[in-house]
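Beneath this line is the structure, given in structure tokens, with notes to follow.
The values are calculated or read from the model by the stated rules, or taken from the named source; none is laboratory data. Remember, predicted model here, so these are calculated numbers, not experimental data. Because the Cβ atoms are built from the backbone with ideal geometry, glycine has one as well, and the counts that use them run over all protein chains shown. Note: accessible area is taken over every heavy atom of the protein model, side chains too, but ligands, DNA and RNA are not part of it. Shrake-Rupley method; radii C 1.70, N 1.55, O 1.52, S 1.80 Å.
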Amino acid sequence: MAERKIYRLLTGSDDAAFCVRVGDALQEGYVLYGSPGIAYTPDGIIVSQAVVLPVYLPPVAPKTTK
């Protein structure tokens, strides 16, 4: 298997094929990162979603209570 990138930005038309690409990335161990993006162009709607490998996510600071 080729080395996986730690960060990927998936882009494409707003269709079922794009959803499959995002689903495939999730099955490969990536997790969603940030909000999806959408752009309106004369050729149609373009969507995007960033995904990262979880090992590279920054640690989350524990919540403190008073």
Give me, ordered by chain and number, the residues 5 or more places off Asp14 or on other chains with an amide H under 5 Å from its own placed amide H. Ile45, Val47
Which whole-number percent is the relative contact order of the chain (Cα, under 8 Å, 6+ apart)? 38
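Please give me the summed charge of the neighbours of Glu28: other residues whose Cβ is under 14 Å from its Cβ, Lys and Arg +1, Asp and Glu -1.
Numbers: positive: Arg4, Lys5, Arg8, Arg21; negative: Glu3, Asp24.
Within the 14 Å Cβ shell, the charges total +2.
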Just reorder Ser13, Ser35 by solvent-accessible area, largest first, 1.4 Å probe, all chains present. Ser35, Ser13
Round to a whole number: what % of the accessible area of the chain belongs to carbon and sulfur, probe 1.4 Å? 60
What angle do you read, to the nearest 10 degrees and between 0 and 90, between the alpha-carbon axis of helix 16-27 and the longest principal axis of the chain? 30
Over the chain: Rg over Rh, Cα atoms, Kirkwood Rh: 1.11
So, by mean Cβ neighbours within 10 angstrom, what's the order for 14-20, 60-66, 36-42 with the highest one leading? 14-20, 36-42, 60-66
If you count only protein heavy atoms with a 1.4 Å probe, what accessible area per residue comes out for the range 16-66, rounded to a whole Å²? 78
